[in-house]
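Data block below; observations after.
Every number in this text was worked out from the coordinates using simple rules, so none of it is lab data. None of the values given here were measured: they were computed from a predicted structure. FYI the Cβ positions are ideal-geometry reconstructions off the backbone, even for glycines, and counts take in every protein chain you see.
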Amino acid sequence: MRFSEWVEKHDVDEAFRLLRVAMQQSATDHATGTIDMDLINTGVSASERMRRDIFVSSIRDISLEKLQIGGSSMRLSDLLEELKKHGGNINTEIHLHDVRKAVATLASEGFLVSEGDRIKRV
């Protein structure tokens, strides 16, 4: 770094290089290895958001298939096993905390009720 009253071409080149490095460090999606500006804008990468949407959609499908409105409930661990069995669109490892987040989304939409470690359709 230097102090000068004049901006020269190599100063501009260095500024662009620093900008590129800063973007690579702050906006790289670790799942894809690409720069993802959604990570800076929202704090969640586009690939993670798509992954969450797939979980929510899969849990909605399983709930429609296995649970009746106002009927019996299902344990989250059983739901996790169903997801692993029917995980056609899910190419990543599935954890219980992912299931809990997706269930919370469906609960906020009024589709499910979460009661401890069980879910129920409403």
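Placing pseudo-labels 7 Å out from each Cα toward the beta carbon at Asp53 and Gln68 gives an inter-label distance of 3.4 nm. The lysine pair count for the chain, using Cα distances under 26 Å and pairs eight or more places apart or on different chains, is 9. Across the options Leu19, Met50, Ser63, the greatest Cα extent toward the positive end of the charge dipole of the range 1-115 (unit charges at beta carbon of Lys, Arg, Asp, Glu) belongs to Ser63. The angle between the Cα long axis of helix 96-108 and the main principal axis of the chain comes to about 80°, on a 0 to 90 degree scale. With the helix formula -39500 (n - 2.57) applied to DSSP H stretches of n ≥ 4, the chain reaches a computed 222 nm mean residue ellipticity of -18000 deg cm²/dmol. For the range 3-30 versus the range 47-106, the inter-centroid distance based on Cα atoms is 43 Å.
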